[in-house]
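Read the structure below first, then the notes.
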Amino acid sequence: MAAGERDSSENQRLADLQAAAMLRMSGSVSFDADTESDLSAIAAEMNLDRLELIRLAVGQWLALRKGGRFPTDDSAPVVAVRSDICD
């Protein structure tokens, strides 16, 4: 791995860790009304509270990134976020 690639990978890792720390320290995370509704529905299905669901999702996302199973560069596909997915 070239030095530039390593620096980019390290920067992305650092950004991920900072985002996770910010989420952990925040007392609440708010989303738009449709996303909040979807989170509540999914949390109820999984018998979790809303914050537990968010922690689980972020934790799994970080694990995938760390394991290299999720692109960490600009080659990652852009996925449009839709609020009607869970309808």
If you take the residues of segment 27-65 that are β-branched (Val, Ile, Thr) and assigned to a helix (DSSP H, G or I), which of them is farthest from Gln12 (Cα to Cα)? Ile42
Positions within segment 33-54 being of a type in the set (Asp, Glu) and either under 16 Å from the mean Cα position of the chain (by Cα) or closer than 18 Å to Lys66 by Cα (or both), in sequence order: Glu36, Asp38, Glu52
Considering only residues that are surrounded by 12 or more Cβ atoms within 10 Å (Cβ to Cβ) and either under 18 Å from Gln18 (Cα atoms) or in contact with a Leu (Cβ under 9 Å, 6 or more places away or on another chain) (or both), which ones fall in segment 41-58? Ile42, Ala43, Leu48, Arg50, Leu53, Ile54, Arg55, Leu56, Ala57, Val58
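Any read-out appearing in this document is the output of simple, stated calculations on the displayed coordinates, not a laboratory observation. All figures in this text were calculated on a predicted structure; none of them were measured in a lab. Every residue, glycine among them, receives a Cβ derived from its backbone with ideal geometry; neighbour counts consider all protein chains shown.
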